[in-house]
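Have a look at the structure below, then the notes.
The values are calculated or read from the model by the stated rules, or taken from the named source; none is laboratory data. Bear in mind that the values here come from a model prediction, so they are computed numbers and not experimental data. Reconstructed Cβ throughout: ideal geometry from the backbone, glycine too, with neighbour counts over all protein chains shown. Heads up: the accessible areas ignore ligands, DNA and RNA and are worked out on the full protein's heavy atoms, side chains in. Shrake-Rupley method; radii C 1.70, N 1.55, O 1.52, S 1.80 Å.
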Amino acid sequence: MALNGGKTFVQDEEKQPLLLEEHTEKHFTAGEVVRDIIIGVSDGLTVPFALAAGLSGANASSALVLTAGLAEVAAGAISMGLGGYLAAKSEADHYNRELQREQDEIDTVPDVEAAEIADILSQYGLGPEEYGPVVTSLRDNPKAWLEFMMKFELGLEKPEPRRALVSAATIALSYVAGGLVPLLPYMVVPEAGRAMAVSVAVTLAALLFFGFVKGRFTGDRPFFSAVQTTVVGALASAAAYAMARAVQSI
């Protein structure tokens, strides 16, 4: 292998370059943050939207809808953020427990753990003459050995140290951002019926846009994701509105 001007050349036994162009792989690595944003925004758009529609169906004033909506957004952001924190904290605690358990097994039964390395590598089609040197190298490097067992035996990735706090803040702020969208019309339109009509149009447009963007980031079909997200939000608000009207008519 030789380096030349930032380019990597892989040579065979005859010294002929096999890779002449620099190869740069691009992978999306912010999956957890995007997942938190999706959770926060989707709930933020849907729940306050349904609440506002329900209160409008009960002939509440715009001021009352706005007050109740903002209270729900605040409570929902705190609740969702706390849920995200506890979920991420639980994942970190689980990882640390398994890390300690795996370390204890390496210290007390190293031959058994080495046999597990061989078994894992054999599942990828490697024979004894191929995985033997790998097992030996890992046994000589305890830190790499532990990381290998955590990743390939248990399927666990080391969590980021501040993952719990970042998750909580991301979900909470995303919920607030999404929740304010259906409430904005009630801030400027005094009549609740008209405000609800504007809120429906604005929120459905936001759901379409958010669903499309979500589909692009998650690898799903963007247009299908947009329609699916919008339908879910529309059904939730329609159910809340119909229930409020039904209760009012009793």
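Could you grab me the full set of residues in the stretch 175-200 that are among the aromatic types (Phe, Trp, Tyr) and under 27 Å from the mean Cα position of the chain (by Cα)? Outline the logic, then answer.
To start, the set of residues in the stretch 175-200 that are among the aromatic types (Phe, Trp, Tyr) comprises 175, 186.
If the condition is that a residue be among the aromatic types (Phe, Trp, Tyr) and under 27 Å from the mean Cα position of the chain (by Cα), then TYR175 is the only one that fits.
Among (1) in a helix (DSSP H, G or I); (2) open to solvent by 60 Å² or more (accessible area, probe 1.4 Å); (3) within 18 Å of ALA68 (Cβ to Cβ), which single condition is LEU235 missing?
Condition not satisfied by LEU235: (3).
Looking at the stretch 123-133 only, could you name the residues that are surrounded by 12 or more Cβ atoms within 10 Å (Cβ to Cβ) and either at pLDDT 85 or above or not in a helix (DSSP H, G or I) (or both)? Walk me through how you get there before you give the answer.
First, pick out the residues of the stretch 123-133 that are surrounded by 12 or more Cβ atoms within 10 Å (Cβ to Cβ): 126, 130-132.
Within the stretch 123-133, LEU126 is the sole residue that qualifies.
Restrict the check to the stretch 148-164 and report whether at least one residue is over 24 Å from GLU32 (Cβ atoms) and not charged (D, E, K, R). Spell out how you get there, then give the answer.
Step one: list which residues in the stretch 148-164 are over 24 Å from GLU32 (Cβ atoms), which gives none.
Within the stretch 148-164 (the criterion being over 24 Å from GLU32 (Cβ atoms) and not charged (D, E, K, R)), the answer is no, since none of the residues qualifies.
Can you tell me which residue within the stretch 42-86, out of those that are among the small types (Gly, Ala, Ser), modelled with pLDDT under 90 and under 30 Å from ARG162 (Cβ atoms), is most open to solvent (accessible area, probe 1.4 Å)?
Only one residue tops the list, namely SER42.
Among (1) within 25 Å of SER79 (Cβ to Cβ); (2) surrounded by 18 or more Cβ atoms within 10 Å (Cβ to Cβ), where does MET149 come up short?
Here MET149 clears every test but (1).
Among the candidates LEU165, LEU183, which residue alone is of a type in the set (A, V, I, L, M) and either buried (at least 16 other Cβ atoms within 10 Å of the Cβ) or at pLDDT below 85 (or both)?
Values: LEU165 fails: either buried (at least 16 other Cβ atoms within 10 Å of the Cβ) or at pLDDT below 85 (or both).
The conditions single out LEU183.
Would the stretch 19-33 turn up any residue that is modelled with pLDDT of 85 or more, of a type in the set (A, V, I, L, M) and either surrounded by 16 or more Cβ atoms within 10 Å (Cβ to Cβ) or assigned to a helix (DSSP H, G or I) (or both)? I'd like the intermediate steps shown before the answer.
Of the stretch 19-33, the ones modelled with pLDDT of 85 or more are none.
The answer is no, given that none of the residues of the stretch 19-33 is modelled with pLDDT of 85 or more, of a type in the set (A, V, I, L, M) and either surrounded by 16 or more Cβ atoms within 10 Å (Cβ to Cβ) or assigned to a helix (DSSP H, G or I) (or both).
Taking ALA164 as the residue in question, decide whether it is within 30 Å of the chain's Cα centre (by Cα), touching a residue at least 60 places away in the same chain (Cβ under 8 Å) and part of a helix (DSSP H, G or I). Give the steps one after another, and end with the answer.
Values: within 30 Å of the chain's Cα centre (by Cα): yes; touching a residue at least 60 places away in the same chain (Cβ under 8 Å): yes; part of a helix (DSSP H, G or I): yes.
Yes, satisfied.
Kindly provide the set of residues from the stretch 187-197 that are open to solvent by less than 50 Å² (accessible area, probe 1.4 Å) and either aliphatic (A, V, I, L, M) or at pLDDT 90 or above (or both), ordered by number.
Here is the first cut: in the stretch 187-197, the residues open to solvent by less than 50 Å² (accessible area, probe 1.4 Å) are 189, 192-193, 195-196.
Answer for the stretch 187-197, where residues must be open to solvent by less than 50 Å² (accessible area, probe 1.4 Å) and either aliphatic (A, V, I, L, M) or at pLDDT 90 or above (or both): VAL189, ALA192, ALA195, MET196.
Under 8 Å by Cβ, and 6 or more places apart or on different chains, what pairs join a residue from the stretch 212-236 that is within 29 Å of GLY54 (Cβ to Cβ) with one that is of a type in the set (D, E, K, R) and open to solvent by 70 Å² or more (accessible area, probe 1.4 Å)?
Once the first residue is within 29 Å of GLY54 (Cβ to Cβ) and sits in the stretch 212-236, its partners that are of a type in the set (D, E, K, R) and open to solvent by 70 Å² or more (accessible area, probe 1.4 Å) give GLY215/ARG221.
Go through the stretch 87-120 and give me each residue that's open to solvent by less than 60 Å² (accessible area, probe 1.4 Å), within 30 Å of SER42 (Cβ to Cβ) and either without any contact (Cβ under 8 Å) to a residue 24 or more places away in the chain or outside any helix (DSSP H, G or I) (or both).
Correct list: ASP93 only.
Only one residue in PRO142, PRO159 is more than 23 Å from ALA206 (Cα to Cα) and either open to solvent by 60 Å² or more (accessible area, probe 1.4 Å) or without any contact (Cβ under 8 Å) to a residue 24 or more places away in the chain (or both), so which one is that? I'd like the intermediate steps shown before the answer.
On the way: PRO159 fails: either open to solvent by 60 Å² or more (accessible area, probe 1.4 Å) or without any contact (Cβ under 8 Å) to a residue 24 or more places away in the chain (or both).
Exactly one of PRO142, PRO159 is more than 23 Å from ALA206 (Cα to Cα) and either open to solvent by 60 Å² or more (accessible area, probe 1.4 Å) or without any contact (Cβ under 8 Å) to a residue 24 or more places away in the chain (or both), namely PRO142.
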